[in-house]
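The block underneath contains the structure these notes are about, expressed in structure tokens.
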Amino acid sequence: MTKYSLELKFEVVQFVLEERNSQREAARRFGITKGHIQMWVAAYLHNGIEGLATKHGSYTGDFKISVIEYMHKNSLSARQVAAEFNIPSLASIASWERKYLEEGAAALYIDKRGRSSKMGTDKKLKKPEVTNEAKEEDLRAEVQRLRLENAYLKKLNALIQQREKSPKKIK
């Protein structure tokens, strides 16, 4: 994402709020996407000039959980939550929400950064061993299914032949 200076962000926000211009006009005039402007205006309204300052850092698992639960409880979008909590990246919030919904709250405590180690444990997946008894059971079930299918097809064929032999009755 392109980095914008604090002064430019403030100028754009003032153009929208004080001069009562639309965000679309500001986007055209400054050559910035409307989404960025929406984010900056909301951040400024919630947090003042500090909301426009770029901040980097990591967040604790408790903070991530509280953000996602607040978002769900109040039915807010990621953009609205980012403005309220002064989080610069919508993608972070979307990622947290996906992890929260798919893996549970505990997944937000795990911080996976950087490349995974290629050295160390062998992570090849082992196929579960199938016993002879299980193989035999599978084969018996398949034979039974094939016998039923064969009987069904024979019955269907007999019905079709019977229909063809019977004289057609016209009313």
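The values are calculated or read from the model by the stated rules, or taken from the named source; none is laboratory data. Predicted model, so just to flag it, every value in this text is computed and none were measured. For neighbour counting, all protein chains shown are included, and Cβ atoms are generated from backbone atoms with ideal geometry for every residue, glycine included.
Data overview
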read-out: Search result, residues across the stretch 35-94 that are among the polar types (S, T, N, Q) and under 22 Å from E19 (Cβ atoms); value: Q38, N47
read-out: Residue in the stretch 18-25 that is assigned to a helix (DSSP H, G or I), exposed (fewer than 12 other Cβ atoms within 10 Å of the Cβ) and either of a type in the set (S, T, Y) or at pLDDT 85 or above (or both) present; value: yes
read-out: Selected residue (criterion: farthest from I93 (Cα to Cα)) from residues of the stretch 34-59 that are among the polar types (S, T, N, Q) and surrounded by 13 or more Cβ atoms within 10 Å (Cβ to Cβ); value: N47
read-out: Qualifying position, being in contact with a helix residue (DSSP H, G or I) (Cβ under 9 Å, 6 or more places away or on another chain) and among the acidic types (D, E), among E97, E18; value: E97
read-out: Residues located in the stretch 131-171, provided they are β-branched (V, I, T) and part of a helix (DSSP H, G or I); value: V143, I160
read-out: Close pairs from the stretch 95-108: first in the same structural domain as V67 (by TED's automatic domain parsing) and within 12 Å of A78 (Cα to Cα), partner surrounded by 16 or more Cβ atoms within 10 Å (Cβ to Cβ) and small (G, A, S), Cβ under 8 Å, at least 6 apart; value: E97/A78
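Quick grid of which residues meet (1) modelled with pLDDT of 85 or more; (2) under 30 Å from G48 (Cα atoms):
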position: W96; (1), (2): yes, yes
position: L101; (1), (2): yes, no
position: K124; (1), (2): no, no
position: R147; (1), (2): yes, no
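Table: residues versus (1) part of a helix (DSSP H, G or I); (2) within 23 Å of K112 (Cα to Cα); (3) not assigned by TED's automatic domain parsing to the domain that holds V16.
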| position | (1), (2), (3) |
| --- | --- |
| G35 | yes, no, no |
| A42 | yes, no, no |
| I49 | yes, no, no |
| D62 | yes, yes, yes |
| I68 | yes, yes, yes |
| H72 | yes, no, yes |
| Q80 | yes, no, yes |
| E84 | yes, no, yes |
| I87 | no, yes, yes |
